[in-house]
Amino acid sequence: MPLVTTTEMFKKAYDGGYAIGAFNVNNMEIIQGIVEAATIENAPLILQVSAGARKYANTVYLKKMVEAAVETSGLPICLHLDHGDSFELCKDCVDSGFTSVMIDASSHSFTENISITRKVVEYAHDHGVVVEAELGKLAGIEDAVKVDAKDASYTDPDQVQEFVEKTGVDSLAIAIGTSHGAFKFKGQPRLRFDILEEVGKRLPGFPIVLHGASSVPQEYVKIINQYGGNMPGAQGVPEDMLRKAASMAVCKINIDSDLRLAVTATIREHFALNPSHFDPRQYLGPARDAVRAVVRHKIVDVLGCNGKA
């Protein structure tokens, strides 16, 4: 089975009231842990690569590892560019064999966002690739995405129909209160489901994407802090809120920070308990197992896409 686009995935997810997990990948062990979990749960997958991951691991290496995941699992897997910030970057990923790209021109004006997104859509569609865009701005820091809370803005439902019609985009990431990174909220977490509901009314049947949706498992935060870390106040999106979003118009939920926390906590604990170990397999193997456990939980208990491959 070759890499697939998200078109059929999202149609099934929208009709079925569940969401597909879009998991960020940076190395072999993370890819293996994600794919092992999805294989066990027979779930479709979106493996996504940020600009930072491309620089770290090299696009060719990442694409070949994702192709190996398709070959060994037989699952429908989409290879997606996360937060592409320019036409040139999106074009390079399309030319490299990605089946989906995101153009994030949300830092520009509404008119400029439409213009930039439309250019990417035209090129991608000519090559059989689907496009995600963003309307509204999420706060937080993750790789190259850095938006101060004062600069964040909710998506305006009055703009979504015009944006989709003028760009021809295939899915839309909206801002309803989630945030990039592990420090999302001060006080009680709150998502604007009223905005999500209104967007769903304006765009019936259209797939919506939720970024900044990691839950920040406290067991991993505790381990990191226990062994020399400093993450006071790290707080993610409550999983019951994510389940509710997945039952509405949200067809894709991005998850990155939770995987990073699982890997980091596992490795920190391993070296604290085994300070003389120096074989990478001794600590990367348990880290891969931790990723697998996180992803299985997300697939079954949050996304609801188990058995949907």
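The values are calculated or read from the model by the stated rules, or taken from the named source; none is laboratory data. Model, not experiment: these values are computed from the prediction. Methodologically, a virtual Cβ is constructed for each residue, glycine included, from the backbone with ideal geometry; neighbour enumeration extends over all protein chains shown. For accessibility, only protein heavy atoms count, side chains too; no ligands or nucleic acids. Shrake-Rupley method; radii C 1.70, N 1.55, O 1.52, S 1.80 Å.
Yes or no, residue by residue, for (1) at pLDDT 95 or above; (2) of a type in the set (A, V, I, L, M); (3) under 17 Å from residue 255 (Cα atoms):
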site	(1), (2), (3)
160	yes, yes, no
166	yes, no, no
173	yes, yes, yes
177	no, no, yes
192	no, no, no
198	yes, no, no
203	yes, yes, no
211	no, no, yes
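Quick one: is residue 246 at pLDDT 95 or above and of a type in the set (A, V, I, L, M, F, W, C)?
yes
Determine whether region 186-197 contains at least one residue that is closer than 24 Å to residue 81 by Cα and assigned to a helix (DSSP H, G or I).
Initially, region 186-197 is screened for residues closer than 24 Å to residue 81 by Cα, giving 196.
Filter again for assigned to a helix (DSSP H, G or I), leaving 196.
Looking through region 186-197, at least one residue is closer than 24 Å to residue 81 by Cα and assigned to a helix (DSSP H, G or I).
With (1) over 18 Å from residue 46 (Cβ atoms); (2) in contact with a strand residue (DSSP E or B) (Cβ under 6 Å, 6 or more places away or on another chain); (3) of a type outside the set (Ser, Thr, Tyr) as the list, and residue 261 as the residue in question, which single condition is left unmet?
(2)
At least 2 residues that are β-branched (Val, Ile, Thr) and in contact with a helix residue (DSSP H, G or I) (Cβ under 8 Å, 6 or more places away or on another chain) in each: list the helices (runs of 4 or more DSSP H) lying fully within region 214-309 that qualify.
Correct list: 218-226, 257-273, 280-297.
Given the residues 227, 220, which is the only one that is surrounded by fewer than 18 Cβ atoms within 10 Å (Cβ to Cβ) and of a type outside the set (A, V, I, L, M, F, W, C)?
None of the others qualify; the one that does is 227.
Could you please give the count of residues in region 85-108 that are open to solvent by less than 10 Å² (accessible area, probe 1.4 Å), β-branched (Val, Ile, Thr) and either without any contact (Cβ under 8 Å) to a residue 12 or more places away in the chain or more than 22 Å from residue 27 (Cβ to Cβ) (or both)?
1
Among 288, 268, which is the only one that is more than 19 Å from residue 34 (Cα to Cα), in contact (Cβ under 8 Å) with a residue 24 or more places away in the chain and open to solvent by 20 Å² or more (accessible area, probe 1.4 Å)?
Exactly one residue qualifies, and that residue is 268.
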